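Following: one structure in structure tokens, then a few remarks.
The values are calculated or read from the model by the stated rules, or taken from the named source; none is laboratory data. Keep in mind that this is a model prediction, so the values were computed, not measured. Positions of Cβ are backbone-derived with ideal geometry, glycine not excepted, and every protein chain shown enters the neighbour counts.
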Amino acid sequence: MPTVTEALSLMEYGPAPEAPGPALDWLKGRTFGHFINGSFTAPGESFAVLNPANGTELAQVAQGSEADVQAAVRAARAAHRKWAALPGHARARHLYALARLLQKRERLFAVLESMDNGKPIRESRDIDVPLAVRHFYHHAGWAELVPDEFPGMRPHGVCGQIIPWNFPLLMLAWKVAPALAAGNTVVVKPAEQTPLTALLFAELCIEAGLPKGVVNIVTGDGRTGAALVAAEVDKIAFTGSTEVGRLIRRATAGTGKALTLELGGKSPFIVFAEADLDAAVEGVVDAIWFNQGEVCCAGSRILVQESVAERFTARLKARMATLRLGDPLDKSTDIGAVVDTTQMNRIRSIVDQAVAQGAVLYQAPVPNGPGCFMPPALLTDLGAANIAMTEEIFGPVVSLMTFRTPGEAVELANNTRYGLAASLWSENITAVLDVAAQVKAGVVWINGTNLFDANAPFGGMRESGFGREGAREGMLAYLTPDTAKGRERKAPAPLATRPGDATGDAIDRTRKLYIGGAQKRPDGGGSYAVAGAQVPLGNRKDIRNAVEAAQGASGWSKVTGHNRAQVLYFLAENLAAHRIGDAAEHAQAVQRAFYWAAWADKYDGKVHSTASAHVTLAMKEPFGVMGIIAPDESPLLGLVSVLFPAIAMGNRVVIVPSQGNPVPALDLIPVLDTSDVPNGVVNIITGPRSELADTLAKHDDVAALWCFADRAICTNAEAQSAGNLKPVWTDWHQRDWTGAEGQSREFLRKAVQVKTVWVPYGA
């Protein structure tokens, strides 16, 4: 131990342990059962929960069986009707009580979280617990406002919520608070590695007087999670790995369950030459060594401009030398313990592979002794294909590459299958906002990183999942339109390849596909018969060509809403002059074009008020290329009702019209040709709906899919989309396309994805 004089001279931190006594007293000798219907069950089969910092056993926790899950779902179902019927104010009081009780026990929760997860006490005390409290306060407000702010919406019902191990309490708050505010009841499955703060939260539910069955917590491993996904719940909300997300997408296909997925990431951390380099270095500390790098949105790929790369790297290495690795309960600790040995071995394996592929490793020595400790690591001299640049490591390991121009930075940033977050550093706000618009990420931080708030939407693009948590957008994920469903659609009749009835001396009309602004013969050279016509028989190669054409029309996504509105108004004008099909349906199709033109420049993004000094922008962006399977019913009106909102929001579309009557869609082609619709914005492929929908669902360059078809086609579309995890909107029930079901804001919400941009603002 240094003397006082030496300590004052060196100004080094000494040990500052947090007392674990109250948490150990709460845990002492306990074997936890599940929390079902307002009380804890008797423990049956159990497993040990270990402290990753020293390997000691903290408690025994029940292994949830299918029967346990079913009991929890029954309790949630029984409680739902009364909970949903409560006035918003009554639900708000319960959420407020949970916030206050959590606040009163913040020290106990913080210590327990650090012991269970391994994260430094400073992080659980100063970030995790206060943010969890913030979520319950914030959503108490939403509970109060639901009737006014979300008219025509209702809660889903029973929500299954699967929580990851990296932020056990915070992720619970993210999911439970909005679900309860909206009027849902929940069954929560915490990660098997970190269930303890969820069980402590259960005690708060009792103390807050929450009605029995509103919150249920079932502990266990992946088998318990699989049982919850398979149970009779109305929605699944999952945060975790992309691999498990795919399994859940396939398991829920065709069930009608709402689904939100927040999955993995490989987020870029871009440092431009104009950046404050010292601030950017501290940003790296927050981006990748926060929570031991066990953060889905961690800035694990540093991209630094060549002109400052040498200086930046030197400063980063110097800062790494000051990071303190050690006991999570020591308030001087910067980096705690990795969650368990399995994760530790995975991290080391990927680092070893990266070095074998040519990367240079800079890292402090690995400490000896018990506990899962991994020193911060920096990998340099690596290419874009190195495993450390492509695979999520989920540990305190960061890779560094250089770039020359902003365009190259964007290209490197988007060179990943993920799209969760990005962190941009520059004092040139104009340049950095331009890059923010181009980066494929659900969250973009400018001169900051890992900023979170209950009123800031959070979620990903691409294989980072879909759906948003937090703010108004997160509330919408727990609500659904309160409309009665129509009859299920029937599968289309088999294709008839024989020619239709002879038309006497009439001149034969050859109808073609519409790809890239031109009429094209189908790749297979075939056609099929419908009433009064032969129509082209499209196949997967035609879909491929149409998607390529749509990709080439990217300029449509960049023009202003005003410009898109003018095109739609002109389209309406020309459609009015070209009678297609039934007169009443045609007249309403013209009105639909006007309606969606009106919305093109009015479905705006929002500025959200967060608890920090930022302008937090929730920008509504088009997906890019969308696939649409149009409904069979109302072949013209149904088609334009799904096509026009998609292009009004800036998407380019590959649409498959009614299989039984595609003629109105093909007759629309001359109208599109004369209405200033850019080539490739609308592509029309006729043919076998099941085959074409399957191709669109699998296609990696189709960013989103709408499927208004029979249940079998919809189910397959959802299942096949698991490969690239595109959002899929399926509806196998017939709609009244003449009324509100054909022009609601639901189409707008489904046609955009939200990008949250955090811009520093004020002191």
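Numbers below:
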item	result
Unmet criterion (only one of (1) of a type outside the set (A, V, I, L, M); (2) surrounded by fewer than 18 Cβ atoms within 10 Å (Cβ to Cβ); (3) on the phi > 0 side of the Ramachandran plot) for Gly687	(2)
Residue among Leu131, Leu108 that alone is of a type outside the set (Gly, Ala, Ser) and within 26 Å of the chain's Cα centre (by Cα)	Leu131
Search result, residues across segment 318-343 that are closer than 13 Å to Val285 by Cβ, in contact with a Lys or Arg (Cβ under 9 Å, 6 or more places away or on another chain) and among the hydrophobic types (A, V, I, L, M, F, W, C)	Ile335
Out of Asn545, Asn539, Asn563, sole residue that is modelled with pLDDT of 90 or more, within 14 Å of Ile647 (Cα to Cα) and among the polar types (S, T, N, Q)	Asn563
Neighbours by Cβ (under 6 Å, 6+ apart or cross-chain): first from segment 91-103, surrounded by fewer than 24 Cβ atoms within 10 Å (Cβ to Cβ); second of a type in the set (D, E, K, R) and part of a helix (DSSP H, G or I)	Ala92/Glu144; Leu101/Glu207
Every pair of residues 6+ apart whose Cβ atoms lie under 6 Å, when the first sits in segment 592-610 and is free of Cβ contacts under 8 Å to residues at least 40 places away in the same chain and at negative phi while the second is surrounded by 18 or more Cβ atoms within 10 Å (Cβ to Cβ) and part of a helix (DSSP H, G or I)	Phe594/Ala572
Residue within segment 362-369 that is crowded, with 21+ Cβ neighbours inside 10 Å, under 23 Å from Ala309 (Cβ atoms) and either of a type in the set (Asp, Glu) or not assigned by TED's automatic domain parsing to the domain that holds Ala53 (or both) present	no
For Thr390: the one exception among (1) at pLDDT below 95; (2) closer than 30 Å to Glu18 by Cβ	(2)
Residue within segment 54-65 that is within 29 Å of the chain's Cα centre (by Cα), modelled with pLDDT of 95 or more and outside any loop (DSSP other than H, G, I, E, B) present	no
Candidates Val432, Val410, Val443, filtered to the one that is in the same structural domain as Gly283 (by TED's automatic domain parsing), of a type in the set (Val, Ile, Thr), over 16 Å from Ala298 (Cβ atoms) and within 23 Å of the chain's Cα centre (by Cα)	Val410
Those residues of segment 413-462 which are assigned to a helix (DSSP H, G or I), under 20 Å from Asp700 (Cα atoms) and not small (Gly, Ala, Ser), in sequence order	Gln438, Arg462
Of residues in segment 564-587 being part of a helix (DSSP H, G or I) and either among the charged types (D, E, K, R) or loosely packed, with under 15 Cβ neighbours inside 10 Å (or both), the one nearest to the chain's Cα centre (by Cα)	Arg564
Phe312 being of a type outside the set (A, V, I, L, M) and under 26 Å from the mean Cα position of the chain (by Cα)	no
Test set (1) of a type outside the set (Lys, Arg); (2) closer than 19 Å to Ser464 by Cβ; (3) outside any loop (DSSP other than H, G, I, E, B) - Met401 fails condition number	(2)
Subset of segment 168-209 [farther than 19 Å from Tyr137 by Cα, β-branched (Val, Ile, Thr) and more than 23 Å from the chain's Cα centre (by Cα)]	none
Failed item in (1) outside any helix (DSSP H, G or I); (2) crowded, with 23+ Cβ neighbours inside 10 Å; (3) not β-branched (Val, Ile, Thr), with Phe109 passing the rest	(1)
Val111 being of a type outside the set (Asp, Glu), touching a Phe, Trp or Tyr at 6+ places or on another chain (Cβ under 6 Å) and in contact (Cβ under 8 Å) with a residue 40 or more places away in the chain	no
In segment 33-56, the residues that are touching a His at 6+ places or on another chain (Cβ under 8 Å) and without any contact (Cβ under 8 Å) to a residue 60 or more places away in the chain	Thr41
Within segment 315-345, tally of residues that are buried (at least 17 other Cβ atoms within 10 Å of the Cβ), within 33 Å of the chain's Cα centre (by Cα) and over 13 Å from Pro375 (Cα atoms)	6
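Condition check ((1) of a type in the set (A, V, I, L, M, F, W, C); (2) touching a residue at least 60 places away in the same chain (Cβ under 8 Å)) across all residues:
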site: Leu378; (1), (2): yes, yes
site: Pro396; (1), (2): no, yes
site: Asn414; (1), (2): no, no
site: Ala421; (1), (2): yes, yes
site: Val432; (1), (2): yes, yes
site: Lys440; (1), (2): no, no
site: Leu451; (1), (2): yes, yes
site: Pro457; (1), (2): no, yes
site: Gly470; (1), (2): no, yes
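Residue-wise test of (1) within 23 Å of Gly459 (Cβ to Cβ); (2) crowded, with 22+ Cβ neighbours inside 10 Å; (3) of a type in the set (A, V, I, L, M).
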| position | (1), (2), (3) |
| --- | --- |
| Glu149 | yes, no, no |
| Gly157 | yes, no, no |
| Ile163 | yes, yes, yes |
| Leu199 | no, yes, yes |
| Glu207 | no, no, no |
| Lys212 | no, no, no |
| Asn216 | no, yes, no |
| Ala231 | no, no, yes |
| Ile248 | yes, yes, yes |
